[in-house]
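The values are calculated or read from the model by the stated rules, or taken from the named source; none is laboratory data. Everything quoted here is computed from the prediction, not taken from an experiment. Methodologically, a virtual Cβ is constructed for each residue, glycine included, from the backbone with ideal geometry; neighbour enumeration extends over all protein chains shown. Note: accessible area is taken over every heavy atom of the protein model, side chains too, but ligands, DNA and RNA are not part of it. Shrake-Rupley method; radii C 1.70, N 1.55, O 1.52, S 1.80 Å.
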Amino acid sequence: MDAADFDRQIGEIRAWAEKLEHKVWIWTYPNKYGHMQLPDIPNGTPRAWAKYYKDVAPWIFGVYAESENDRFLNNALCYYVFGKVCWNVNTDVDALLEEFHRLMFGAAAKPMSALFDEIERKWVDEVAGRLVDTDLGPVRQPPSPYALFTRIYSPETLARWDAYFKEAMSLVPHDSIEARRIALY
């Protein structure tokens, strides 16, 4: 989502709260839904979730995040960050993510963090970032399958991700819980 669209959405919620003269409750649909259901495309965006809910916090008193997914792991970290931010809107998300990666992957935290960061950047900037205004309102426009698999998730990208996994596995004992967690991802 570009900055202007983000500001417009926050502005609409602020305007409703001001019009009603009280905070509002919102129902959101972050990530994969409708025509953005792109099977097997990772879409974990914990920083984006945190930014949105932190920025809208002054005008809401509650939120429901409905975010179906084809792989539960794609949203696991998003829901973790969401819960922490909803509990304390001043949560330091970077510190929270650093702690998560350290506790989840031990010595492999650095390559796994790099992987998660790249997954988020790809989804936000290249996959779900294009918004098209229609008569029925704004609609996300996904890239073509050709663009997905030749430019965004190119052989070079997949090789880099494979290298993150190989490096991560080399940093933890073969039979450790961290190795099993890396293998799960």
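A few comments on the model shown:
- Every test in (1) at pLDDT 90 or above; (2) out of contact with any Gly (no Cβ under 9 Å at 6 or more places or on another chain); (3) β-branched (Val, Ile, Thr) is passed by ILE119 save one, and that test is (2).
- Looking across the stretch 123-135, the residues that are open to solvent by 20 Å² or more (accessible area, probe 1.4 Å) and either of a type outside the set (Ser, Thr, Tyr) or part of a helix (DSSP H, G or I) (or both) come down to VAL124, ASP125, GLU126, GLY129, ARG130, LEU131, VAL132, ASP133, ASP135.
- Residue check, GLY83 under 21 Å from ILE13 (Cα atoms), modelled with pLDDT under 95 and of a type outside the set (Ser, Thr, Tyr): no
- Taken over the stretch 132-147, the criterion of being modelled with pLDDT of 80 or more, touching a helix residue (DSSP H, G or I) at 6+ places or on another chain (Cβ under 9 Å) and under 17 Å from ARG8 (Cα atoms) is satisfied by VAL139, ARG140.
Residue by residue, here is whether (1) charged (D, E, K, R); (2) more than 20 Å from the chain's Cα centre (by Cα); (3) over 24 Å from MET36 (Cα atoms) holds:
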| position | (1), (2), (3) |
| --- | --- |
| PRO143 | no, no, no |
| THR150 | no, yes, no |
| TYR153 | no, no, no |
| ALA163 | no, yes, yes |
| LYS166 | yes, yes, yes |
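- If you filter the stretch 16-42 down to residues that are touching a strand residue (DSSP E or B) at 6+ places or on another chain (Cβ under 6 Å) and assigned to a helix (DSSP H, G or I), you find that the one that is farthest from LEU148 (Cα to Cα) is ALA17.
- Residue, nearest to ARG47 (Cα to Cα), within the stretch 131-176, restricted to residues that are of a type outside the set (A, V, I, L, M, F, W, C) and in contact with a strand residue (DSSP E or B) (Cβ under 7 Å, 6 or more places away or on another chain): ARG140
- Residue within the stretch 145-159 that is closer than 25 Å to ALA48 by Cα and either touching a Ser or Thr at 6+ places or on another chain (Cβ under 7 Å) or in a loop (DSSP other than H, G, I, E, B) (or both) present: yes
- Output for the stretch 37-47, where each listed residue is under 20 Å from SER113 (Cα atoms) and either modelled with pLDDT of 95 or more or open to solvent by less than 40 Å² (accessible area, probe 1.4 Å) (or both): ILE41, PRO42, ASN43, GLY44, THR45, PRO46, ARG47
- When the stretch 165-178 is filtered for residues that are in contact (Cβ under 8 Å) with a residue 24 or more places away in the chain and either more than 15 Å from ALA114 (Cβ to Cβ) or open to solvent by less than 40 Å² (accessible area, probe 1.4 Å) (or both), the ones remaining, listed by number, are ALA168, VAL172, SER176, GLU178.
For (1) touching a Ser or Thr at 6+ places or on another chain (Cβ under 7 Å); (2) assigned to a helix (DSSP H, G or I); (3) open to solvent by less than 50 Å² (accessible area, probe 1.4 Å); (4) under 30 Å from ALA15 (Cα atoms), each residue gets a yes or a no:
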| site | (1), (2), (3), (4) |
| --- | --- |
| LYS54 | no, yes, no, yes |
| VAL63 | yes, no, yes, yes |
| SER67 | no, no, yes, yes |
| ALA76 | no, yes, yes, no |
| THR91 | no, no, yes, yes |
| HIS101 | yes, yes, yes, no |
| SER113 | no, yes, yes, no |
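- A search for C-beta distances below 7 Å between a residue of the stretch 96-107 that is of a type in the set (Gly, Ala, Ser) and any residue that is open to solvent by less than 30 Å² (accessible area, probe 1.4 Å), counting only pairs 6+ apart in sequence or on different chains, returns GLY106/VAL172; ALA107/VAL172.
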